[in-house]
Each structure stands twice: as C-alpha cells, then as structure tokens.
Amino acid sequence: TFSREFGFFSRYPPLTSGTVTASLQGYSYLAKSQSFSVALSQVASLSGVVRTTTLYADRTSLRVAFQARDEAGRTTFLTSGLTVTLEVSNGELAQSATCTVGSSGGIGACSYTVPSSWFSTAAGSAIVTLSAKYGSTMVATASLGSVALARSPLLDSLTAAGMSATMAASPRFAGDTFTVVVRGHSGGFELGGFNFRLTYNSSMLEYVSLTSSSLYASPTVANVPPSVSVLVLDRASSTASSDLIGSDILLFTATMRVLDGAAAGAHADALSLQIVSMVNQGTVDFITDTPGIVLDGRDGNSTSGQLEVEAVVAVGAHAYAASAELVNTAPLTGEAVTTQVTVVEHYNRVASASATMTSAYACSADDATVATVNSASCLVSLTPSQTAGAASVAITATSTTSAVSAQAPLRVWFPVAASLHISDSSLQRVEGLMRAGSCEQPGYQTGELTLVADFGGEGLATVSDLDVTSLATFASSNAAVASVS
C-alpha cells in the first residue's frame with residue numbers, strides 16, 4: 001500500500017474550498033475528485049475602542065467598537081455559538097449587553113445605555129470589559145479601562161412666578177438635535193395663557209419643531225430667526241384649573257439642531273428666554289417683558305444659555321489584512337506574495353459610523369526580514385528579499401492627521417530549507433529506443449524531479465517535506481547532456 005499525508009493549507013484563508021485527486025503514473029485512483037474546505041477557527045483574542053469616553057446624565061449611550069481574531073490573527077472565524085458581551089461596572093453594580101459581530105475585518109459593535117442613577121453632582125467612572133464565549137466556554141477577554149461619568153450640574157428651580165428653559169447640559173456635535181423644555185411657575189395664580197420668545201444664536205443653531213403641552217390649547221408659533229415666539233391663549237378643554245397652578249408647569253418643548261458648520265467650543269450666547277406675558281384666570285398679565293432663566297450644563301441658572309459644541313474626532317482604529325496568514329513562496333517562484341491591509345476608523349460621535357480610512361494612514365512593518373509594506377497604500381509584500389518567517393509580524397497603521405494608530409498581525413511561513421530529488425539519478429540508454437522525431441538519436445530513460453521544502457519561522461513549528469514542485473521553475477546546467485521539461 002501507498003499513503004501520503006498532506007494538510008498545509010496556510011496559503012488559503014478559511015472557507016476556501018477545492019478538490020483533491022490521487023494518481024500514479026497518470027492513472028487516477030479516485031473515482032472522482034474529493035472536495036475539501038478550510039475550516040474556521042474559534043476566536044482567540046479581542047481588542048476594543050471605547051468611542052464615548054465621557055458620558056453625561058443627558059448623554060448616556062456607551063459605544064464600543066471591537067475586533068476579534070483567531071489564534072493565527074485571522075479576522076474570519078467561527079461565529080456559530082459565539083457571543084461577545086460588553087460589561088460595565090461602576091464599582092457597585094455591573095451591567096452587561098450583547099454585542100453585534102460584524103461581517104468584515106472581525107469588527108463589531110457594542111452599545112449600552114448607562115442608568116441615570118449612576119450620575120450625580122459628583123464625577124464618577126465605570127469600568128468596561130469585553131468577553132467572548134462559545135456556549136459557556138470563555139475564549140477571550142479584553143479590559144478597555146474606564147469611562148468618565150461627568151458630574152451633573154446643580155440647577156436652580158423657579159421659586160417665584162416666571163419661566164425656565166432647560167437645554168442640553170452635555171456637549172453636542174454639529175448635526176445633533178436637542179430639546180429645550182420651557183416650564184412655568186404660576187406664582188399662586190392659575191396660568192391661563194402665556195407668550196414667550198426663545199432667541200437662539202442662528203450662526204450655530206436652527207429651530208426644528210415644537211411639542212406643545214397637553215394642558216393648553218394649540219399655540220400660535222412664529223419662527224423668525226433668530227427667535228421663535230409662542231402664544232397660548234387658553235387651556236385645553238380637558239384641563240382642570242388646579243393643573244395650571246404650580247411651580248413646575250410644562251409649557252412647551254422645542255427641538256433645536258446644531259448647524260453643520262458650528263464651530264467647536266463653548267458658546268455662551270446659545271439661547272435665551274424672554275417672557276412677553278403670563279396671564280392669570282382673569283386674563284390679567286401678572287408678568288410682562290421679563291427675562292426667563294436658562295438651565296444648561298453649569299450650576300445655578302443664567303439669562304443666556306451656554307452650549308458646548310464638540311468636534312467629531314477619531315478615537316481609535318482597527319486594521320486587518322485580507323489574508324492574515326501567508327506563505328512566502330517568492331524565493332521559489334520569484335513572484336511576490338501580497339495582501340492588502342485595511343484601516344477602519346472609529347469616532348466619538350454616536351451618529352458617525354465607523355469608516356474605512358486606509359488612505360489617511362501610513363503603514364510600516366516591524367520586521368523587514370519577514371515582510372515589507374508600502375507606506376502609502378498599506379499593501380504588504382513578501383518578496384525574494386525576505387529571509388525569515390514569524391508567528392506574528394506587526395503591520396502598524398498610523399494616522400497622518402491624528403495620533404490614532406492600529407496594528408494588523410500577520411503570520412508568515414518561510415521556506416527555511418529545500419531539497420531537490422530525482423526519481424532515478426542514473427539515466428541509462430534504452431536499447432533499441434530512438435528519440436521521438438529523430439531516428440538517429442538514441443533514447444534514454446527519464447526521471448521525475450521533485451522539490452520539497454520545510455516551512456517555518458520564529459515562533460512557528462517547522463512543517464517538513466512539503467512538495468513545492470509546481471511552484472518552481474527548473475533548468476539544466478548543461479542542456480547538451482540533459483534537458484528539463
């Protein structure tokens with residue numbers, strides 16, 4: 001019997017399929033070709049980027065981008081049975097959320113809304129961790145450090161007849177919307193009607209819409225930038241008189257939008273409230289032409305609301321290679337083996353999706369004896385000039401516009417040894433046989449050349465005696481004696 005083992009499929013990424021045939025002297029010993037497919041491996045490592053590093057009582061959405069890899073550094077892995085979990089702990093309570101595994105580059109996303117009870121007038125923090133499991137078996141974890149829980153402002157309340165406008169306490173990004181809630185203190189009267197004006201900085205804000213209070217009849221609204229005026233003449237038919245007496249009566253909710261071109265920074269003159277009139281049940285004005293108070297991210301109150309506009313910036317990135325495990329066959333073929341590194345950037349704004357930004361990054365390899373990379377295109381090449389392999393060589397992508405960087409590990413197999421074999425080292429003349437096409441030239445025996453190589457590298461267990469005949473080109477040192485075809 002004759003048998004031969006093979007299994008060095010490192011040249012092929014997971015899910016690659018093909019066929020196997022067996023033949024001897026041109027005769028097939030399989031009724032039909034046998035198919036194979038390169039199996040997926042389990043996740044072995046996780047890395048993460050916390051996109052929202054500071055959370056606020058009115059901006060509680062925690063967002064994390066993560067990347068999973070298998071033991072060889074590949075970002076195509078077994079997803080059946082895989083669960084990636086985000087855990088958040090404030091030291092007293094721990095909460096968790098299931099993450100979404102993406103379909104490209106092993107990159108996924110996690111989201112969690114932090115409870116409002118975790119915020120107070122004192123600053124705090126929460127610890128963020130990631131874990132990956134198949135069923136109940138933990139296969140990878142990653143500690144992402146902490147997120148800041150910003151202190152909530154200590155806001156004043158209305159203590160006498162008047163109005164307040166509560167706006168965003170946390171920073172907002174260009175393009176974001178936020179609400180301004182107007183409330184009234186009736187001063188012991190029944191607040192039967194009112195007229196007020198919200199003035200906004202039209203160079204950074206625009207009025208979007210209103211939601212009127214169910215306590216009152218439909219308002220008359222006039223938006224003439226830079227202000228929106230609201231006039232209410234009567235209560236709703238279902239509203240009881242007692243509902244219109246109090247210190248915290250909901251009057252109106254406006255939705256504002258930060259303009260796309262709004263400059264980053266604190267804007268002290270973002271919004272103000274002017275009470276034109278507040279009318280009691282006897283249709284008598286008990287307040288006229290008086291500034292209302294504005295409650296924002298600062299303690300106390302002000303007559304002019306401040307809004308901080310936060311710039312959208314990259315807070316991290318992940319990089320991955322199209323093929324993370326490569327076999328350097330260039331010393332055998334003379335042709336470079338290449339793979340493309342892609343960089344995906346993550347941003348601090350929840351509404352800004354992660355984006356492929358490879359062209360904005362410069363790439364480098366930490367060991368040029370194993371791999372080279374084009375700095376501008378991030379194309380990795382294994383050429384005849386490389387002299388080694390490695391279990392992991394890092395391709396580092398560094399942003400050309402910020403301090404963000406990311407790494408893509410590669411596993412590279414190198415032909416550390418090779419030997420040439422011939423089936424018969426002594427080729428004899430065959431009596432009575434003449435060469436084809438030449439009746440005057442005697443015929444000789446032929447032999448079959450086989451090239452075998454050992455592949456390995458630093459940190460890799462050498463795989464020996466691999467047949468690489470099909471990869472090489474052969475030549476005779478003396479064609480007059482022997483030729484190779």
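The values are calculated or read from the model by the stated rules, or taken from the named source; none is laboratory data. Because the structure is predicted, anything quoted here is derived from the model rather than measured. Ideal geometry is used to build each Cβ from the backbone, glycine not excepted, and the neighbour counts take in all protein chains shown. Please note that ligands, DNA and RNA were not included when accessible areas were found on the heavy atoms of the full protein model with its side chains. Shrake-Rupley method; radii C 1.70, N 1.55, O 1.52, S 1.80 Å.
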>> Please give me the summed charge of the neighbours of ALA391: other residues whose Cβ is under 9 Å from its Cβ, Lys and Arg +1, Asp and Glu -1.
In response: 0
>> Between ALA240 and SER117, how high is the FRET efficiency from 1/(1 + (r/R0)^6) when r is the Cβ-Cβ distance and R₀ = 41 Å? Nearest 0.05.
In response: 0.80
> Can you pull the percent of segment 118-260's accessible area that's carbon plus sulfur, 1.4 Å probe, other chains left in place?
Replying inline: 51
> With every protein chain present, what is the per residue accessible area of segment 193-266 (1.4 Å probe, Å²)?
Replying inline: 47
> Say a paramagnetic label sat at a point 7 Å from the Cα of SER277, along Cα to Cβ; which residues of segment 172-202 have their backbone N under 20 Å from it?
Replying inline: 183-199
> Helix-derived [θ] at 222 nm for the chain: sum -39500 (n - 2.57) over DSSP H runs of at least 4, divide by residue count, nearest 500?
Replying inline: 0 deg cm²/dmol
>> Shape verdict for segment 122-257, please, from the Cα gyration tensor: rounded (a/c under 1.5), prolate (a/b greater than b/c) or oblate.
In response: prolate
> Measuring from the lowest to the highest alpha carbon on each principal axis, how far does segment 1-154 reach, largest first, in angstroms?
Replying inline: 88, 24, 19
> For VAL208, what charge total do you get from the other residues with a beta carbon under 12 Å from its beta carbon, if Lys and Arg give +1 and Asp and Glu give -1?
Replying inline: -1
>> Can you give me the C-alpha center-to-center distance between segment 144-192 and segment 296-313, rounded to a whole angstrom?
In response: 10
> What does the accessible area per residue of segment 367-485 come to in Å², with a 1.4 Å probe and no ligands, DNA or RNA counted?
Replying inline: 59
> Roughly speaking, to the nearest percent, how much of segment 314-394's 1.4 Å accessible area is carbon and sulfur?
Replying inline: 51
> Restricting the count to DSSP beta bridges whose residues both fall in the chain, what percent are antiparallel, rounded to a multiple of 5?
Replying inline: 90
>> Restricting to Cα pairs below 8 Å that are 6+ residues apart, what does the relative contact order work out to for the chain? Please round to a whole percent.
In response: 11
>> Classify segment 211-359 from the C-alpha gyration tensor, please: rounded if a/c falls under 1.5, else prolate or oblate depending on whether a/b exceeds b/c.
In response: prolate
> When you count, for each residue, the other Cβ atoms within 10 Å and take the mean per peptide, how do 111-124, 240-253 rank with the highest first?
Replying inline: 240-253, 111-124
> When only alpha-carbon atoms count, how far does segment 309-404 stretch along each of its three principal axes, as whole angstroms with the largest first?
Replying inline: 58, 21, 19
> So what is the relative contact order of segment 276-373, in percent, for Cα pairs below 8 Å that sit 6 or more residues apart?
Replying inline: 16
> Highest mean first, what order results for 202-209, 177-184 on Cβ atoms within 10 Å?
Replying inline: 177-184, 202-209
>> Would any residue of segment 405-423 have its amide N under 12 Å from a label point 7 Å out along Cα→Cβ of LEU449? List them or say none.
In response: 420-423
> What order, most packed first, do the peptides 477-483, 422-428 have when packing is the mean number of other Cβ atoms within 10 Å of each residue?
Replying inline: 422-428, 477-483
>> Run the simple label-point estimate for LEU233 and GLU71 please: 7 Å along Cα→C-beta, distance reported in nm.
In response: 8.0
>> Given N residues in segment 88-131, what is its alpha carbon radius of gyration divided by 2.2 N^0.38 Å?
In response: 1.43
>> If I take R0 = 60 Å and measure r between the Cβ atoms of ALA222 and THR16 in this structure, what FRET efficiency does the formula 1/(1 + (r/R0)^6) give, to the nearest 0.05?
In response: 0.35
